[in-house]
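Encoded as structure tokens, the structure appears first; notes follow it.
The values are calculated or read from the model by the stated rules, or taken from the named source; none is laboratory data. Bear in mind that the values here come from a model prediction, so they are computed numbers and not experimental data. Neighbour counts run over all protein chains shown; Cβ positions are idealised from the backbone, glycine included. SASA here: full protein model, heavy atoms, side chains in, ligands and nucleic acids out. Shrake-Rupley method; radii C 1.70, N 1.55, O 1.52, S 1.80 Å.
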Amino acid sequence: MSQPPVDPRTPVLVGVGQASERLGTPGYRRLSPVDLAAEAAAGAVADTGADPAAVAAAIDTVAGVRQFENSVPGARAPLGRSDNYPRSVAARIGVSPARAVLEVTGGQAPQHLVNEIAAVIAGGGSEVTLIFGSEAISTIEHYAKTEDRPDFTEHPGGSLEDRGYGLRGLISMNLTAHGLADGPSQYALIENARRARLKQTREEYAAAMGALFAPFTRVAAANPHASAPVERSAAELVTPTEANRLIADPYTRYLVAREKVNQGAAVLLMSAAVADRLGVPPSRRVFLQGHADLKERDFMDRADLSAGPASVLAVRHALEVAGIDLGDLATIDLYSCFPVPVFNICDGLGLDPGDPRGLTVTGGLPFFGGAGNNYSMHAIAETVQLARRSPGSYGLVGANGGVMSKYSAGVYCTSPAAWRPDRSADLQAEIDAGASGSGPAEARHADGPATIETYTVKYGRGGAATGIVIGRLDADGRRFVARGDDRDPGLVDLLTSAEPIGAHVYVRSFGFGNRVAATRARLDELFPAAPAVLHDRYEHVLVRRDGHLLEVTINRPKVRNSLHPMANDELDHIFDAYFADTDLWVAILTGAGEAAFSAGNDLIYSASGKPMWVPKNGFAGLTSRPHLPKPVIAAVNGYAMGGGCEIALACHLIVADATAQFALSEVRVGLVAGAGGLIRLPRTVPPKVATEMILTGRRITADEALAYGLVNRVVSAGAALDGARVLAAEILAGSPTSVRISLQIMEETRGIPDVAQAVSHRSGALDDLMSTHDAAEGPAAFAAKRRPQWRNW
């Protein structure tokens, strides 16, 4: 039956292909990701029903989906990888496209690329585009430590439009620091919040998850490309066993996306005119009749942690663009890395999780396989094949990325239809403006009584359990993330009780993150308050008292006095003790040796993969303190680089020796001067100079620093500490009370731009001064022509 004519530029899907292999099965070839994608791509070309050579020659664009090994910064590729994945695949099948694209990270990528490229074709920007993706994680992990491991390294050359990771809003340093860097623990927070919203018991909810996914296993068992083709019962899916261990409450292993796969999939799009020219049979053509791409608000900024309204809106809008209702669909594939993304669409659209049409055409991510970003390419391939078998029927693919963060939807049908633009940009603007509601303010440093909003418990292979909580502070309702201490089984007991959501807990913040326990008393036991008293010895820092003067020396000369968490923690304690000790009036901070004051962050330690954190008071215990109530002098000998420069900037005064050099060098190692350098330097030196130093990492000498007003004094080489002692003695000659109160009033008026208003500012500190011993002693000593006896009160 012939099809009615369509606009020549109308985009059509004309070919799909899939490839897979499993370890230990006959014919296993240990294919690389490029090999798998190329095999799928060749299949897509052949699937058009036209001359494969002519089709391949017409491809002007290739677009690849990222693998695990290039989806995040620092990802490992144990067997090597292609540095231009799209062109490696293209070369395998003899294609030389003008344009090659590597898409951003996320499970939405396959459907998003189809939506985007279809629009490009409709606008005349491409005639034929091949889209593909693949993973070979099973092979890579198996051979990573073997002697006969293959080498998957490739350097195909050619241009590449690398769009970057696209992780903004998907990765949070704060969540990661609290153990929320993996998918199961992140999604478990949403899952448990949804259970509480539905007022279901743990047993009821587990049964619902099992009932949702049991039909998925039946589909996977019949799919030749499935990585785990085993049919399982609902009870088997949710019952913890040795093989089905707990991953993150409420998930067992069978409920989470399966990462160990060797799979590739590809789709081929072209304009209707080219399809006619190449002789693609009408029976092979499938039209993208509906489409939408939306992003959810960042996780901690969501009004309701139990749902993802942007995902629902994306599916609803794709159906709207297609001009159909949910009931018109013949096939449905909803991204199923965990149960809750499927439940979320069902909740939002009123779709029965047990709908007889089924909610997957592949078998779903835990059973078909769902590593990396390319799962939905397989869903599209299966949907296209099903649409061809039932002409005129509609199929939906919903593709999810991040933590229900990005959602792309597509509606497919063989019936010819003109290209219809979507309104995703307008809808996204409404989401960003808070149309679906924004969450409460976030407390990065959370302290006090609180209430649990949602939670999970992460389980290690050895049985270790760690509780993680999202909560609200009772005092002001701010939202926070916190984890339990490994020494505290009480929190895990609470989180595995009947219903922890809504339970009262207590949270306390530290430089290494927020910690939560059932009671304040338990936190006091776990983290007893350290008295603000100087110790006799420290491991990484030297201290010396000389009357009212405290000398602090960073003692890590082998690494240019750079700081790791332990050194930072010691400095934080030392300055706590200094500010609390009424008999210490001035402090000097310097570095051991002559080479460096401090080279900042210990990058060698950081590169080791060990946890990096700084105290709440900032780098060296100084850079984030809201106010330094007593004088701190930096004695800079040699380099003050990066964080070392930021420490010096945080001090009240700087004495530099002639060899000193200052720089905010973070841009040269891919970082920024986030410990105050970006704020303090432009307020200290001329703005143009500051901008140049920040953007280039330029070093300035001690003499330049003096000329710019960055340092107070320059002394001869090796004499920075002696010069600082001279300056300290000059300060010590005055009243310590007057010095403290002077610093206080300077701080109080720092933010008042108008000089007259600042001068007229009435500080209570002046009244305090009048009632002190020093305020009376100074004039009395002057009148008596004797040296004052200061008492600092």
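Given the residues 399, 429, which is the only one that is of a type in the set (Gly, Ala, Ser) and within 22 Å of residue 44 (Cβ to Cβ)?
Working: 429 fails: within 22 Å of residue 44 (Cβ to Cβ).
Sole residue among the options that is of a type in the set (Gly, Ala, Ser) and within 22 Å of residue 44 (Cβ to Cβ): 399.
Per-residue answers, yes or no, for (1) of a type in the set (Gly, Ala, Ser); (2) touching a Cys at 6+ places or on another chain (Cβ under 8 Å); (3) over 21 Å from residue 180 (Cα atoms):
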{"position": "370", "(1), (2), (3)": "yes, yes, no"}
{"position": "379", "(1), (2), (3)": "yes, no, yes"}
{"position": "392", "(1), (2), (3)": "yes, yes, yes"}
{"position": "395", "(1), (2), (3)": "yes, yes, yes"}
{"position": "402", "(1), (2), (3)": "yes, no, no"}
{"position": "406", "(1), (2), (3)": "no, no, no"}
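Is the stretch 390-400 home to any residue that is open to solvent by 10 Å² or more (accessible area, probe 1.4 Å) and under 13 Å from residue 13 (Cβ atoms)?
no
Do we find that residue 550 is modelled with pLDDT of 95 or more, touching a helix residue (DSSP H, G or I) at 6+ places or on another chain (Cβ under 6 Å) and under 23 Å from residue 582 (Cα atoms) in this structure?
Considered against the rule, which asks whether it is modelled with pLDDT of 95 or more, touching a helix residue (DSSP H, G or I) at 6+ places or on another chain (Cβ under 6 Å) and under 23 Å from residue 582 (Cα atoms), residue 550 comes out as yes.
Is it true that residue 750 is touching a residue at least 40 places away in the same chain (Cβ under 8 Å) and of a type in the set (D, E, K, R)?
When the stated conditions are applied, residue 750 does not pass them.
If residue 438 satisfies all but one of (1) at pLDDT 95 or above; (2) hydroxyl-bearing (Ser, Thr, Tyr); (3) open to solvent by 40 Å² or more (accessible area, probe 1.4 Å), what's the number of the condition it fails?
Status for residue 438: all satisfied but (1).
Just to be sure I understand, how many residues within the stretch 169-185 are assigned to a helix (DSSP H, G or I) and either under 17 Å from residue 250 (Cβ atoms) or not polar (S, T, N, Q) (or both)?
Of the residues in the stretch 169-185, 6 are assigned to a helix (DSSP H, G or I) and either under 17 Å from residue 250 (Cβ atoms) or not polar (S, T, N, Q) (or both).
Can you report the number of residues in the stretch 127-140 which are more than 11 Å from residue 65 (Cβ to Cβ) and either open to solvent by 10 Å² or more (accessible area, probe 1.4 Å) or part of a strand (DSSP E or B) (or both)?
8
Collect the residues in the stretch 750-793 that are of a type outside the set (A, V, I, L, M) and buried (at least 16 other Cβ atoms within 10 Å of the Cβ), keeping them in residue-number order.
772, 774, 777, 778, 788, 790, 792
Show the residue pairs meeting these rules: Cβ distance below 8 Å; 6+ apart or different chains; first residue within the stretch 562-576 and within 21 Å of residue 637 (Cα to Cα); second residue among the hydroxyl-bearing types (Ser, Thr, Tyr) and open to solvent by less than 10 Å² (accessible area, probe 1.4 Å).
Final answer for the pair search is 562/598; 563/598.
List the helices (runs of 4 or more DSSP H) that sit entirely inside the stretch 1-108 and contain at least 1 residues that are among the aromatic types (Phe, Trp, Tyr).
In the stretch 1-108, 85-92 are the helices (runs of 4 or more DSSP H) which contain 1 or more residues that are among the aromatic types (Phe, Trp, Tyr).
Quick grid of which residues meet (1) touching a Pro at 6+ places or on another chain (Cβ under 6 Å); (2) open to solvent by 40 Å² or more (accessible area, probe 1.4 Å); (3) outside any loop (DSSP other than H, G, I, E, B); (4) at pLDDT 95 or above:
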{"site": "606", "(1), (2), (3), (4)": "no, yes, yes, no"}
{"site": "611", "(1), (2), (3), (4)": "no, yes, no, no"}
{"site": "620", "(1), (2), (3), (4)": "no, no, yes, yes"}
{"site": "633", "(1), (2), (3), (4)": "no, no, yes, yes"}
{"site": "648", "(1), (2), (3), (4)": "no, no, yes, yes"}
{"site": "655", "(1), (2), (3), (4)": "no, no, yes, yes"}
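Test each condition in (1) over 17 Å from residue 615 (Cβ atoms); (2) among the hydrophobic types (A, V, I, L, M, F, W, C); (3) under 38 Å from the mean Cα position of the chain (by Cα) for residue 541 and report the one that comes out false.
Here residue 541 meets the rest and fails (1).
In the stretch 66-87, is there at least one residue being within 23 Å of residue 276 (Cβ to Cβ) and open to solvent by less than 50 Å² (accessible area, probe 1.4 Å)? Outline the logic, then answer.
Of the residues in the stretch 66-87, the ones within 23 Å of residue 276 (Cβ to Cβ) are none.
The answer is no; no qualifying residue exists.
On the given criteria, is residue 450 in contact (Cβ under 8 Å) with a residue 60 or more places away in the chain, closer than 23 Å to residue 528 by Cα, in contact with a Leu (Cβ under 6 Å, 6 or more places away or on another chain) and of a type outside the set (D, E, K, R)? Lay out the reasoning, then the answer.
Details: in contact (Cβ under 8 Å) with a residue 60 or more places away in the chain: yes; closer than 23 Å to residue 528 by Cα: yes; in contact with a Leu (Cβ under 6 Å, 6 or more places away or on another chain): yes; of a type outside the set (D, E, K, R): yes.
Taking the combined requirement at face value, the residue satisfies it.
What number of residues in the stretch 204-226 are in a loop (DSSP other than H, G, I, E, B) and open to solvent by 20 Å² or more (accessible area, probe 1.4 Å)?
Within the stretch 204-226, residues that are in a loop (DSSP other than H, G, I, E, B) and open to solvent by 20 Å² or more (accessible area, probe 1.4 Å) number 3.
From the list 483, 479, 508, which one is basic (Lys, Arg), open to solvent by less than 20 Å² (accessible area, probe 1.4 Å), closer than 30 Å to residue 308 by Cα and at pLDDT 95 or above?
Within the list 483, 479, 508, the selection yields 479.
Please count how many residues of the stretch 161-182 are open to solvent by less than 50 Å² (accessible area, probe 1.4 Å) and either under 15 Å from residue 342 (Cα atoms) or basic (Lys, Arg) (or both).
Step one: of the stretch 161-182, the residues open to solvent by less than 50 Å² (accessible area, probe 1.4 Å) are 164, 166-167, 169-170, 172, 174-175, 178-180, 182.
If we keep only those that are either under 15 Å from residue 342 (Cα atoms) or basic (Lys, Arg) (or both) too, we end up with none.
Going through the stretch 161-182 one residue at a time, the tally reaches 0.
Report, by residue number, each residue of the stretch 32-61 that is open to solvent by 20 Å² or more (accessible area, probe 1.4 Å) and under 31 Å from the mean Cα position of the chain (by Cα).
Within the stretch 32-61, just 35 meets the criteria.
Which of the numbered conditions does residue 631 fail, given that it passes all the others? Conditions: (1) under 36 Å from the mean Cα position of the chain (by Cα); (2) closer than 25 Å to residue 530 by Cβ.
(1)
All but one of (1) under 23 Å from residue 618 (Cβ atoms); (2) touching a strand residue (DSSP E or B) at 6+ places or on another chain (Cβ under 7 Å); (3) open to solvent by less than 20 Å² (accessible area, probe 1.4 Å) hold for residue 690, so report the exception by its number.
(2)
Please find, within the stretch 581-604, the residue that is surrounded by the most Cβ atoms within 10 Å (Cβ to Cβ) out of those that are assigned to a strand (DSSP E or B), of a type in the set (Gly, Ala, Ser) and touching a Phe, Trp or Tyr at 6+ places or on another chain (Cβ under 7 Å).
This residue is 591.
Consider the stretch 314-340. How many of its residues are part of a helix (DSSP H, G or I) and buried (at least 24 other Cβ atoms within 10 Å of the Cβ)?
Of the residues in the stretch 314-340, 6 are part of a helix (DSSP H, G or I) and buried (at least 24 other Cβ atoms within 10 Å of the Cβ).
Would you confirm whether or not the stretch 186-203 contains a residue that is out of contact with any Pro (no Cβ under 8 Å at 6 or more places or on another chain), surrounded by fewer than 14 Cβ atoms within 10 Å (Cβ to Cβ) and assigned to a helix (DSSP H, G or I)?
yes
Would you confirm, using the coordinates I've provided, whether residue 411 is surrounded by 20 or more Cβ atoms within 10 Å (Cβ to Cβ), aliphatic (A, V, I, L, M) and within 23 Å of residue 342 (Cα to Cα)?
Yes, satisfied.
Could you tell me whether residue 420 is modelled with pLDDT of 95 or more, among the basic types (Lys, Arg) and assigned to a helix (DSSP H, G or I)? If you could, list the steps in order and put the result at the bottom.
Numbers: modelled with pLDDT of 95 or more: yes; among the basic types (Lys, Arg): yes; assigned to a helix (DSSP H, G or I): no.
Criteria not met by residue 420.
Kindly provide the set of residues from the stretch 227-243 that are closer than 24 Å to residue 179 by Cα and either in contact (Cβ under 8 Å) with a residue 24 or more places away in the chain or surrounded by 17 or more Cβ atoms within 10 Å (Cβ to Cβ) (or both), ordered by number.
238
Would you be able to tell me the number of residues in the stretch 714-746 that are in a loop (DSSP other than H, G, I, E, B), open to solvent by 50 Å² or more (accessible area, probe 1.4 Å) and free of Cβ contacts under 8 Å to residues at least 60 places away in the same chain?
The qualifying residues number 2.
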